[in-house]
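One structure below.
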Amino acid sequence: MTDMTSNPPRVRSRQARRRGLEFQLYFALIFALALPFATLRWMREVVQYRTLDLRGPLARAWAEADRTTPLIFSA
């Protein structure tokens, strides 16, 4: 009998799937559309908080595309 407590079998997560060309295309489009809005929001917060110690516009747009694109493919 196999002892599964010390070496459990690997379970494939949904995030580990290979992202295809269609996913990358949608991601790039959403990223390009989110970039101007993320830049404006970042500039507003820089003026409001008077600091550059914030996530930049590229990171914000990337996060937005990373949140939105899987929602399209989950439907």
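Some points to look at:
- Of all residues in region 51-65, those being surrounded by fewer than 16 Cβ atoms within 10 Å (Cβ to Cβ) and either at pLDDT 95 or above or among the small types (Gly, Ala, Ser) (or both) number 4.
- Residues of region 21-45 that are hydrophobic (A, V, I, L, M, F, W, C) and surrounded by fewer than 15 Cβ atoms within 10 Å (Cβ to Cβ): Leu21, Leu25, Ala28, Leu29, Ala32, Leu33, Phe37, Leu40, Met43.
The values are calculated or read from the model by the stated rules, or taken from the named source; none is laboratory data. No experiment lies behind these values; they were computed from the predicted model shown. All Cβ positions, even for glycine, are placed from backbone atoms using ideal geometry, and neighbour counts span all protein chains on display.
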